[in-house]
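Undergrad: The following block contains the structure, expressed as structure tokens.
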Amino acid sequence: MANQDLTTKIKTEEYFVNMGPQHPAAHGVLRLLLTIDGEIIKNVEPDLGYIHRSIEKMCERDSYQQIVHLTDRMDYLSSHINNEAVCLAVEKGLEIEVPDRVKVIRTIIGELTRIASHCLWWGVMGMDLGALTTYFYAFRDREMINDIFEETCGARLTMNYNIPGGLMFDVHPNFVNRTKEFIKHFKTKIPEYDRLLTGNVIFEKRTKGVGILTKEDAISFGVTGPVARGSGFSSDVRKHHPYSAYDRVEFKEALYTEGDTYARYKVRIMEMWESMSIIEQLIDNIPEGEIQTTTKAVIKLPKGEYYQRVETARGELGVYINSTGTKNPYRLKFRSPGFSNLSVLNHISKGSKIADLVATMASFDFVIPDIDR
Amino acid sequence: MMNLPLSITKTISDWVYSIMPESAATVTIWVLIAAAYLALFAVAGLYLVLLERKVAAWFQLRLGPNRVGPGGLFQTMADALKLVSKELTSTIKVDKFLFNLAPYFVIVSALISISVLPFSRHFQAFDINIGVFFLLAVSSIGVIGILLGGWASNNKFALIGAMRSGLQTISYELSVGLSILTMVLLTGSLQLSEIIEVQRTGGWLIVQGHIPAIIAFMIFMIAGTAETNRAPFDLVEAESELGAGFHTEYSGMKFAYFFLAEFINMFIIASIAVVLFFGGWLSPFGITDNIAWFPESIWFLIKVLIIIFLMMWFRWTFPRLRVDQLLTLEWKYLLPINLVNIVIMAIVIWLNWTI
């Protein structure tokens with residue numbers, strides 16, 4: 001390439017730049033140590049630890065009911081799904097089957113959470129690329145979901161709706177109607193999103209061919225979620241290891257093969273459509289019945305190891321519980337999607353420009369407490 | 001019958017000359033004019049900031065500032081007061097002299113440019129015969145301030161922002177200059193008032209010059225937006241990449257100077273567009289030509305505000321370009337189109353195809 005000839009002839013000097021810990025593009029306290037030559041990135045070294053709260057260690061101290069209240073603080077944008085992961089793991093250990101009603105409600109709220117999370121991501125993606133308006137459009141729609149959550153369980157962000165063995169309370173009487181209303185509203189809004197950002201020539205130029213992650217790399221780095229599916233790696237836990245009510249709904253796994261920022265963008269847009277379709281299939285026939293199975297006041301998991309995976313908005317969240325038969329886990333480990341996704345950042349952004357790094361990071365949809373537990 | 005604003009200024013002028021010797025009176029008049037322009041400058045800057053916030057709010061389903069004063073009218077004044085009262089801090093290792101000098105370069109270049117703008121037939125500080133040339137020359141000084149600020153800040157983000165600014169402003173100035181040249185070719189004058197007078201009889205230049213004039217206008221709008229460092233070309237202060245770019249280390253009023261200059265530059269670019277393409281202070285179809293008391297500067301301001309609204313519209317809908325794409329757009333697309341456009345314009349004038 002002509003560019004490379006030029007750079008070998010001109011003597012340039014590399015320099016370090018700290019991107020973060022309080023950088024507008026990092027969406028949290030992520031510190032990236034950048035080695036830069038002009039505007040070209042030579043190396044990206046993530047430096048974690050600025051928001052470390054030792055959640056895993058705290059989990060080992062707490063009872064199983066208490067653990068649930070910590071997990072929604074990790075990935076606060078998929079809090080319901082995070083809680084579900086722990087509950088499913090505990091239920092696996094206790095060998096209890098939750099009622100059908102619980103499974104369906106968990107699925108619906110999980111998908112609403114996914115839409116809300118993707119809404120925020122969409123707004124922030126636009127913001128990172130300099131189009132601030134997207135943020136407000138996305139928040140308008142996200143607000144409706146948050147209102148539904150608020151009515152149902154009292155919380156808008158860190159929901160504590162799941163408990164081991166079921167749900168904390170039944171859904172609000174308005175739940176079905178408001179969810180339907182939201183779906184009707186949101187179906188007219190995604191085309192609006194497309195008009196504002198997807199079809200924009202500058203947006204396409206900024207994202208197509210930027211931050212290319214090959215399928216092989218995605219697999220070898222353990223990348224999951226929309227990032228992996230943007231590279232054509234079919235990794236949807238909901239498809240491959242269905243939990244809750246995902247085995248009874250029809251939906252397509254969003255797969256794009258380009259592996260660039262634009263593909264990851266398209267994956268999430270498609271996922272919003274698919275989430276709406278899942279909700280539509282379930283909302284009209286939520287089975288009647290109990291919302292809890294009776295569990296003991298103090299849950300003691302039988303001795304052994306339990307692993308449960310779920311698909312959060314960012315990818316595969318795994319919960320590993322090692323129990324010695326006491327009322328708290330001997331060892332608890334989360335396999336969070338953000339952490340393995342972050343590991344690939346250096347690999348795919350070498351040689352690109354600073355602006356590309358911002359676009360790539362936006363398409364990874366990092367939630368820092370999820371990476372840095 | 002005499003124009004109302006003109007009669008007021010004439011009264012003041014007569015009065016000043018009557019109470020002091022002629023040389024002193026001339027100096028006093030100059031100072032008064034300068035003070036008036038400074039006031040205009042400050043008010044225009046403040047209210048463009050407010051307009052931007054209102055337009056942004058409108059685009060983004062928000063209300064915008066609506067607390068201070070009726071409809072939030074005094075919001076930016078309160079902001080300015082806050083900025084004035086803030087401590088001017090800087091880091092230890094800045095190059096103090098250049099660091100403090102930089103905002104003045106930016107603001108002075110914008111201030112000097114505004115002096116040749118023809119707000120109306122009687123409202124123009126300088127009506128020099130090389131007005132267009134003067135505007136181009138003076139408005140390009142501002143980049144020195146940005147480069148100095150970025151360099152003297154001793155901050156890498158600021159430095160990257162400054163470097164970007166240098167390459168961006170210098171590149172896009174070519175397109176701005178060439179698209180202006182296209183219109184100068186059509187009018188045969190560099191004097192702003194004369195360019196407007198040409199449009200009194202023949203219609204606005206964007207109509208007179210038809211296709212090449214429309215192309216020139218589009219290029220001028222793109223390049224002008226880029227030259228003022230506004231979105232989608234705001235790479236200089238790209239907040240998601242560089243924190244705040246070249247003015248990362250500036251606080252209080254020094255930051256406000258950069259900010260104010262950006263808005264004034266937007267005003268200047270819109271004014272040039274209005275003068276060159278939309279007949280300056282001339283009313284559309286001459287509807288107020290026979291109303292003697294009607295201030296012509298109203299038309300000028302309306303047209304300028306429409307162009308400014310267009311620039312704000314760009315800002316609140318488009319994502320930001322990447323630095324190499326910015327240069328590609330200028331050097332591979334706008335510049336060649338512009339050069340061809342000048343030739344087309346020359347042919348159009350030569351064959352007398354102008355309307």
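The values are calculated or read from the model by the stated rules, or taken from the named source; none is laboratory data. From a predicted model like this one, the values you see are computed outputs, not experimental measurements. Positions of Cβ are backbone-derived with ideal geometry, glycine not excepted, and every protein chain shown enters the neighbour counts. To get the accessible areas, we keep the full protein, side chains included, count just its heavy atoms, and leave off ligands, DNA and RNA. Shrake-Rupley method; radii C 1.70, N 1.55, O 1.52, S 1.80 Å.
Undergrad: Could you give me the residue pairs with C-beta distances under 6 Å whose first residue belongs to the stretch A:215-226 and is at negative phi, whose second residue is small (Gly, Ala, Ser) and not in a helix (DSSP H, G or I) wherever it lies, and which are 6+ apart or on separate chains?
TA: If the second residue must be small (Gly, Ala, Ser) and not in a helix (DSSP H, G or I), the pairs left are A:Lys215/A:Ser231; A:Lys215/A:Gly232; A:Ala218/A:Ser231; A:Thr224/A:Ser235; A:Thr224/A:Gly315.
Undergrad: Right, next: Among the candidates A:Thr326, A:Thr360, which residue alone is away from chain B (no Cβ under 14 Å) and in contact with a Leu (Cβ under 9 Å, 6 or more places away or on another chain)? Show your work before the answer.
TA: Numbers: A:Thr360 fails: away from chain B (no Cβ under 14 Å).
Matching residue, one of A:Thr326, A:Thr360: A:Thr326.
Undergrad: For the stretch B:181-190, check the following and say yes or no: at least one residue is at pLDDT 85 or above, under 24 Å from B:Lys332 (Cα atoms), open to solvent by less than 10 Å² (accessible area, probe 1.4 Å) and not basic (Lys, Arg).
TA: So far as the stretch B:181-190 goes, yes, one or more of its residues are at pLDDT 85 or above, under 24 Å from B:Lys332 (Cα atoms), open to solvent by less than 10 Å² (accessible area, probe 1.4 Å) and not basic (Lys, Arg).
Undergrad: Of all residues in the stretch B:206-256 being free of Cβ contacts under 8 Å to residues at least 24 places away in the same chain and among the hydrophobic types (A, V, I, L, M, F, W, C), which is least open to solvent (accessible area, probe 1.4 Å)?
TA: Selected residue: B:Ile214.
Undergrad: Name the helices (runs of 4 or more DSSP H) wholly within the stretch A:197-245 that hold at least 2 residues that are within 12 Å of chain B (Cβ to nearest Cβ) and crowded, with 17+ Cβ neighbours inside 10 Å? If you could, list the steps in order and put the result at the bottom.
TA: Numbers: elements: A:201-207, A:215-220, A:225-230, A:237-240.
Correct list: A:201-207.
Undergrad: Which of the residues spanning the stretch A:120-133 are surrounded by 24 or more Cβ atoms within 10 Å (Cβ to Cβ) and either within 14 Å of chain B (Cβ to nearest Cβ) or without any contact (Cβ under 8 Å) to a residue 12 or more places away in the chain (or both)? Please lay out each step first, then the result.
TA: Taking the stretch A:120-133 first, the residues surrounded by 24 or more Cβ atoms within 10 Å (Cβ to Cβ) are A:121-123, A:125-126, A:128-131.
Hits for the stretch A:120-133 are A:Trp122, A:Gly123, A:Met125, A:Gly126, A:Asp128, A:Leu129, A:Gly130, A:Ala131.
Undergrad: Can I ask one more? State yes or no: is B:Ala42 more than 23 Å from B:Ser115 (Cα to Cα) and either part of a helix (DSSP H, G or I) or touching a residue at least 24 places away in the same chain (Cβ under 8 Å) (or both)? Can you show your working first?
TA: Working: more than 23 Å from B:Ser115 (Cα to Cα): no; either part of a helix (DSSP H, G or I) or touching a residue at least 24 places away in the same chain (Cβ under 8 Å) (or both): yes.
Answer is no for this residue.
Undergrad: Here's something else I'd like to know. For the stretch A:263-371, please list each of the helices (runs of 4 or more DSSP H) lying entirely inside it that holds at least 1 residues being of a type outside the set (Ser, Thr, Tyr) and open to solvent by 20 Å² or more (accessible area, probe 1.4 Å). Outline the logic, then answer.
TA: Values: elements: A:337-343, A:345-349, A:354-364, A:368-371.
So the answer is A:337-343, A:345-349.
Undergrad: Could you run through the stretch B:86-99 and say how many residues are part of a helix (DSSP H, G or I) and open to solvent by less than 90 Å² (accessible area, probe 1.4 Å)? Explain how you work it out, then say what you get.
TA: The first filter runs over the stretch B:86-99 and keeps only residues part of a helix (DSSP H, G or I), leaving B:96-99.
Among the residues that remain, those that are also open to solvent by less than 90 Å² (accessible area, probe 1.4 Å) are: B:98-99.
So the answer is 2.
Undergrad: Tell me, please, whether a residue that is modelled with pLDDT of 85 or more, within 14 Å of another protein chain (Cβ to nearest Cβ) and crowded, with 22+ Cβ neighbours inside 10 Å can be found in the stretch B:260-269.
TA: Scanning the stretch B:260-269 turns up no residue that is modelled with pLDDT of 85 or more, within 14 Å of another protein chain (Cβ to nearest Cβ) and crowded, with 22+ Cβ neighbours inside 10 Å.
Undergrad: Any residue in the stretch A:275-286 that is closer than 11 Å to A:Lys184 by Cβ sitting within a Cβ distance under 6 Å of a residue that is open to solvent by less than 70 Å² (accessible area, probe 1.4 Å)? List the pairs, counting only those 6 or more apart or interchain.
TA: Matching pairs, first to second residue: A:Met276/A:Ile183.
Undergrad: Moving on. Can you name every one of the helices (runs of 4 or more DSSP H) wholly within the stretch B:143-259 that holds 2 or more residues which are over 30 Å from B:Arg121 (Cα atoms)? Let's see the steps before the verdict.
TA: On the way: elements: B:156-187, B:192-202, B:205-208, B:210-227, B:239-242.
Answer list for the stretch B:143-259: B:156-187, B:239-242.
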